[in-house]
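To keep things clear, I will list the structure first and then write my remarks on it.
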Amino acid sequence: MNGEELRERIHREFPDGIYLDWACTSGIKPPGCAEAVYRALCGTTSNINRGAYSKENQAGMNIFLLREQLRLFFDAPEDAVPVFTANVTQALDAAIRGSVGPEDHVIISGLEHHAVTRTLTEIGADYSVIPARQDGSADPEAFEALVRPETKAVVLNHASNISGTVNPVSGIFEKAGRHGLLRILDTAQSAGSLPVSMTKLNTDILCFTGHKGLLGPQGTGGMILTQETADRLKPFLTGGTGSESAVYTMPEFLPDKFEAGTLNLPGLAGLKASLDWIGGQDLRKIHEREMDIAQKFASAAEALPGLSIAGGTDYSGERCPVVSVIFDEAAGDPSDAAARLDEDYGIMTRSGLHCAPLAHKTLGSWPRGTVRFSFGPFTTPEEGRAATEALAQIVNRT
């Protein structure tokens, strides 16, 4: 089949296009999500923690139930409390800025996002990168040598947004705990795709976003921590909470200490509906199907001339369904390839450095970046095969 015939076939079979940018945001929301947002905006749209009327009380109860739903979803300790932010970036900022100063030292992995590296740079804190293993994940055996007297925290990306590679979080955090270091986990890419247990991963602060694997609306996210951990942090954002209004300092108790201002209540209503849907699914089977699509796509892509896969093509173990394709000079420019995928075939991907230059350096795809194909719960095997065929046509320049 020549290029023109393939383009016509793909457009005929997928008239709405093929969305393969799930690592950026969930392109399709589950049933109930949009309806929940709509209901939250209909009638009386009350705030929480401010009034003393029944609708306000009901809104507050809905948020209370969502907190408990998230605590259970992430297997957090019984005394842990989810604190809501606009996204995982804001949660990581709150955790890092609340605990780290310019005189401190932090240990991170080589897979970190700008949400971590830019924040540490802005603070002026020194940081060390744990040496990577062959797949890009942090080497637990190299951790101890990086600890200094001034080391304050360890920040780890659970799964890379470039390659889906999973860091050995539990072992590294266990070592960090022996030194009394604050352990901060970024679950932006893993939450909703892999089982994430705050308890088993030895985590002090778990940061999450609502719009990726949790399938909720943009503008939702947060961090989960205990009061004991919260006592080690200063507030990142200050303002009204509806509590202790007679004093000019933030309340010390959770979640109020970190929730100044009005929350995105319609977005959180959508997030709760998405979590309700997730709770009725067999996530293990969904993940297996996603990984099967990713594995087949990665293997086919690597067989094309001039292409390789960031982090390797072994998707059989613990990994997220993200495939970043590295183009050598002869194969062309990644950004051009992504543009052709969209313009000619209606296939939506993301090219470039994905806000994570450190990860690209670790994975060998710096400075050109990659074309990232990421798969979600509603991706079909047929879409994966179509993407494989289109990529082959582009590389072969047909």
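The values are calculated or read from the model by the stated rules, or taken from the named source; none is laboratory data. In this text, all values refer to a predicted model and were calculated from it rather than measured experimentally. Note: ideal-geometry Cβ built from the backbone for every residue, glycine included; neighbour counts use all protein chains shown.
A compact table of results
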read-out	value
Entirely in the range 291-371, the strands (runs of 3 or more DSSP E) that have 1 or more residues that are over 18 Å from the mean Cα position of the chain (by Cα)	307-309, 322-327
Single residue of the range 162-201 satisfying the filter (among the polar types (S, T, N, Q) and assigned to a loop (DSSP other than H, G, I, E, B)) that is farthest from S137 (Cα to Cα)	T199
Total residues in the range 90-135, condition touching a Leu at 6+ places or on another chain (Cβ under 8 Å), within 20 Å of K234 (Cβ to Cβ) and of a type in the set (S, T, N, Q)	2
Residues (over 24 Å from the mean Cα position of the chain (by Cα) and under 23 Å from E68 (Cβ atoms)) located in the range 228-241	E228, D231, T241
Qualifying residues in the range 343-354 (those that are free of Cβ contacts under 8 Å to residues at least 60 places away in the same chain and not hydrophobic (A, V, I, L, M, F, W, C)) - the one nearest to T25 (Cα to Cα)	S351
Every residue from the range 63-89 that is without any contact (Cβ under 8 Å) to a residue 12 or more places away in the chain and in a loop (DSSP other than H, G, I, E, B)	E78
Some residue of the range 159-168 being surrounded by fewer than 24 Cβ atoms within 10 Å (Cβ to Cβ) and touching a residue at least 12 places away in the same chain (Cβ under 8 Å)	yes
Residue in the range 219-236 that is over 18 Å from A80 (Cα atoms), at pLDDT below 95, out of contact with any Leu (no Cβ under 8 Å at 6 or more places or on another chain) and not basic (K, R) present	yes
Scan of the range 242-282 for residues that are among the β-branched types (V, I, T) and either under 16 Å from F64 (Cα atoms) or surrounded by 21 or more Cβ atoms within 10 Å (Cβ to Cβ) (or both), ordered by number	T262
Close pairs from the range 24-36: first within 22 Å of A188 (Cα to Cα) and in contact (Cβ under 8 Å) with a residue 12 or more places away in the chain, partner buried (at least 17 other Cβ atoms within 10 Å of the Cβ) and aliphatic (A, V, I, L, M), Cβ under 7 Å, at least 6 apart	S26/L215; K29/L215; P30/L215; C33/L215; C33/A273
